Every structure is written in C-alpha cells, then in structure tokens.
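To keep things clear, I will list the structure first and then write my remarks on it.
The values are calculated or read from the model by the stated rules, or taken from the named source; none is laboratory data. The shown structure was predicted, so the numbers you read here are calculated from the model rather than taken from an experiment. We place every Cβ from the backbone using ideal geometry, glycine too, and count neighbours over all the protein chains shown. Heavy atoms of the whole protein, side chains included, go into the accessibility calculation; ligands, DNA and RNA do not. Shrake-Rupley method; radii C 1.70, N 1.55, O 1.52, S 1.80 Å.
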Amino acid sequence: MQAKNRLDLITDSAPLIYLKPNLAIAYITFKVLCKDSCGTDLKNELEESQPIFKLSDTVLWNSVNLLLQENILGEYKQNRSSRGRPKKMLKINDSSREQAESLASKWSEYLTSLNSSVNLLQIASKPEIGKAARVKEDSVDVEAVSKAANPKVSLVLNCSELEKAAILKELDRNQLTETLSEPQGSELWLGIVLGAMNLDAIKVILEDTKTDWRDFWSIQACLACSFLTNCPKPDNSPLSEIWANMNKTERGDKILRELLNINAIGLLAGDWLQRIDKSLQPILLLCHGLNNIKGDLSVRNEAIESLFCLIWDTGYFVNLKFKVFLNEDIWQQMRFPNKSHFFGKTFDLKRNR
C-alpha cells in the first residue's frame, strides 16, 4: 500500500488492520505539535505515559519515516549544551500543519476507544467482573439518573462513578455537551486545563497575569465551545488575534497564559460567551474531577466558588448551561453570594437512591 493511502486511512476511518501503525502516526504528530519540536527517542516516552501501548521500535521508526517522506515532518539537528553529537529533532513542516493537526486529533480518539476496549476485554475474560458490572448497572436508579441529567440541574451532588457514567450516557443521547474540567491526570488540551494542571500551578499564572479565577473560568468556557461548528469567533480585539493563530493541539498552559495577559480579558471573554450563547444550539458544559483536584484547600475552594459565581451570573443564558459534579462535603464548604439560590438547581443522588 502506498504511503499516501496510509495517511488517508488514519484521517478517515483507520481500519483495525492498520491500528498499530496508525497509533504510532497519531502519537508522533500529537507529540511534535504539542512540543513544537520533539526528539526522536519516542518509544520510552510513549510507553511510560500510556502503558497500554507496546509499540516496537520498528513500528515507530517506520511511522517517522513515512511522515518524513510525506513532508509532514521535517528533521533538524540541535546542538547539545555539553560535548557530543548534535541531537536529531523532529518538527512539523508549516506547509503540512493542517494535515498534521488532522492526524494528531486521532490520538485522543484512539485513547478513548482502546481503554474502553480493554475494560470490555477484562469483563469478558473474568465472568465474576462481568456479573458484578451487570449487578451494579441494574442497581442504578434510572429515574434519578434522568432527573440528574436534566439541563436545568446545575449541580449534581454525591454522584458515584457508575451514576455519572449513566448520566453522561443519557446526555449523549439528548444533549450537546462539552467538557470544562476533567479528572486529575488528563491530557493538557487547549480547552481543558483544570485536571491536566493542578490548582496551585494555575494560581501562579493568575497571580503573574493579575487575573482571577472568574477570568479563568470565563476563558475556559469560551475555549471549550470554540471548536464547535457555528461557534462565533471573538470580536476584533487582542483576543481574536491570539485565537486566529492557535490550534486545538496547542498546550493549554501556554495559551492560558497568553490569553490571561490580555488587558480586560474578563470583559472580552464575557462578551464572547454571550455571543456563543446566542449562536449555538443548547449545550451543557460539564465539570468533572473537582472532588479530587490537587492543590491547596483554600485555593480549591476559591476556584470552585468562582465557578459557581460565573454559573449564577450567566443564569439568564438561553442555550449555554453548566453542570457540576461535586461531593456534598465540598459543597458545604462553599461560601459565595447567592449560594442559597442553587437549592432549586441541585439534585442529590445520595438522597434519591
């Protein structure tokens, strides 16, 4: 099969027979895009970050060579600070950046599908696990899940992982959703910084840029929606200039600092959010992982309180809504104006089991 067809396959359908080489291609382009450039020693990094992948050196090198032949990647040498031969480095060729981004976007899809497949195989190979999973599935209160999935519910308390999976499944059937925050250890994507970075690291950026958590949540909400079809671009401002030059594979911490350095970013992001609300079909922004996010306790409370302030202030939005998953003990620690008004927008799964 010709090299060009191989790249077409990964972009289009990536049949199972080509999964291993396509994984390597998606990983390499993702890695190089995220870092602007990357060394050629990719195997150890891949297996350390994602133990599920045991790709041979041959597969990785064949993929690198394929990307070099197709002019997606370019190779150059970087001099070492100490004595020794220059290090070989890879970079994306500017003329092929769009195609590289398309290839790299497959990486997250492969991660999701493969991890799901591994879970299914574990259940299939161990009948006792499958039986336990079916018992748990039967124990989920369908009516409670349906009520918690209601877009009018902004806060879901005391949600187990099984219940959350059922809620997300329900939402997938009936509602457009995007993720605003994820559990700790997630990939550092452009639209999802909280989860990939801990709170203290974000706090440093906020202090350096003289901004606050409200500004952070506003710009994160904009970014979470920004790659959706028909999402309006920011108005003519410094925000629109940075937006025009960034892409979905860019590191979230780098873009976050650039955006928060913009003068009056909170007002600009707020204006962008209003325009997004008026332009898109109904969408829910989902906030996961807040129960276990790493960072100082007072910083965590400050961050989550600011999120709820944003949710309250945008309560008049017609299409853009938020849904937060939180444990009751953390909710009880929250102190912010209008907290009592969330009573009618809250569903406690523990009390409805």
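Inspect all residues belonging to segment 284-297 and state whether any of them is of a type in the set (D, E, K, R) and modelled with pLDDT of 85 or more. No; the residues of segment 284-297 include none that is of a type in the set (D, E, K, R) and modelled with pLDDT of 85 or more.
Given the conditions (1) within 20 Å of residue 228 (Cα to Cα); (2) open to solvent by less than 30 Å² (accessible area, probe 1.4 Å); (3) among the β-branched types (Val, Ile, Thr), and given that residue 179 satisfies all but one, which numbered condition is not satisfied? Unmet condition: (2). When segment 49-89 is filtered for residues that are at pLDDT below 80 and touching a Ser or Thr at 6+ places or on another chain (Cβ under 6 Å), the ones remaining, listed by number, are 88, 89. Taking segment 224-247 as the range and being more than 19 Å from the chain's Cα centre (by Cα), in contact (Cβ under 8 Å) with a residue 12 or more places away in the chain and open to solvent by 60 Å² or more (accessible area, probe 1.4 Å) as the test, the residues that pass are 230, 235, 238.
Looking only at segment 128-161, residues that are at pLDDT below 85 and assigned to a helix (DSSP H, G or I) come to 13 in all. Quick check on segment 243-257. Is at least one of its residues of a type in the set (Ser, Thr, Tyr) and closer than 20 Å to residue 105 by Cα? Yes: segment 243-257 contains one or more residues that are of a type in the set (Ser, Thr, Tyr) and closer than 20 Å to residue 105 by Cα.
The single condition among (1) of a type in the set (Val, Ile, Thr); (2) open to solvent by 20 Å² or more (accessible area, probe 1.4 Å); (3) not in a loop (DSSP other than H, G, I, E, B) that residue 318 does not meet is (3).
Table: residues versus (1) without any contact (Cβ under 8 Å) to a residue 12 or more places away in the chain; (2) of a type in the set (Gly, Ala, Ser); (3) in a loop (DSSP other than H, G, I, E, B); (4) open to solvent by 70 Å² or more (accessible area, probe 1.4 Å).
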| position | (1), (2), (3), (4) |
| --- | --- |
| 278 | no, no, no, yes |
| 290 | no, no, yes, no |
| 301 | no, no, no, no |
| 304 | no, no, no, no |
| 312 | no, no, no, yes |
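The test for being among the small types (Gly, Ala, Ser), surrounded by fewer than 19 Cβ atoms within 10 Å (Cβ to Cβ) and either over 23 Å from residue 307 (Cα atoms) or touching a helix residue (DSSP H, G or I) at 6+ places or on another chain (Cβ under 9 Å) (or both) does not hold for residue 221.
For segment 329-351, residues that are under 15 Å from residue 160 (Cβ atoms) and surrounded by 14 or more Cβ atoms within 10 Å (Cβ to Cβ) total 3.
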